[in-house]
Each structure stands twice: as C-alpha cells, then as structure tokens.
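The values are calculated or read from the model by the stated rules, or taken from the named source; none is laboratory data. None of the values given here were measured: they were computed from a predicted structure. Cβ placement follows ideal geometry from the backbone for every residue including glycine, while neighbour counts extend to all protein chains displayed. Ligands, DNA and RNA are stripped out before the accessible areas are found, and what is left, the full protein with its side chains, is counted by its heavy atoms. Shrake-Rupley method; radii C 1.70, N 1.55, O 1.52, S 1.80 Å.
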Amino acid sequence: MNKTDEALKNLSEELYKLPEIKEFLQLKEALEKDESLKSMRQDIARLASEGKKLEHDNLIKVYNSHPLVSNYSIARDEVVTLLTQIKDILSD
C-alpha cells in the first residue's frame, strides 16, 4: 500500500469516528427502514408518474416535515459541509 492509499484509509477511518458522520449514518438507516416513510416515498413516486402535481407536492411537504426526514436533511447538510471543507483543504 502506497502512502496515498494509506492516508486515504486513515482519513476514512477517522471520518467514520466523527459524531456527525455517525449520526448521519444512523438517521439514514432509520429513514430507509421506516415503513411509513417508505410508503410515502412510493406514493410520491406514484403521484408524480400519474401527473397529480398538487397531491404530489402536498405529500412531499408532509414527508419533508417528518422529524426523521428533517433531522436527516440537517445531518446530511452538515456532512456535505464537512466533506467540502476537507476537499478544500486537500486541494490547496
């Protein structure tokens, strides 16, 4: 393993230790397993394919206001910011 591969492996291991990453991954798993949210996602897709824009948009609002979805979105934004900062540091 060369130095670059080793550095990337170490960075990856350290990232998975961060509380922001842990929280994001836990929320992602919970979001994927939640049956009511799965059903809503399917209904959103069905409404979109049927061209029922008003119902689709209303259901998206309900979906996005769910606490799990809201927390996931916040955690995702934090992770994106963190990764962008790391990318910026590495590209200097």
*For region 67-92, enumerate the residues that are of a type outside the set (Gly, Ala, Ser), open to solvent by less than 50 Å² (accessible area, probe 1.4 Å) and within 15 Å of LEU37 (Cα to Cα).*
LEU68, VAL69, TYR72
*Go through region 10-27 residue by residue and tally those that are basic (Lys, Arg) and either under 21 Å from LEU59 (Cβ atoms) or not in a helix (DSSP H, G or I) (or both).*
0
*Of the residues LYS22, LYS9, LYS17, which single one is over 18 Å from the mean Cα position of the chain (by Cα) and open to solvent by 90 Å² or more (accessible area, probe 1.4 Å)?*
LYS9
*Selection status of LYS61, at pLDDT 95 or above, out of contact with any Leu (no Cβ under 8 Å at 6 or more places or on another chain), part of a helix (DSSP H, G or I) and open to solvent by 90 Å² or more (accessible area, probe 1.4 Å)*: yes
*Go through LEU27, LEU47 for me and flag whichever is modelled with pLDDT of 95 or more, in contact with a Phe, Trp or Tyr (Cβ under 9 Å, 6 or more places away or on another chain) and open to solvent by less than 80 Å² (accessible area, probe 1.4 Å).*
LEU27
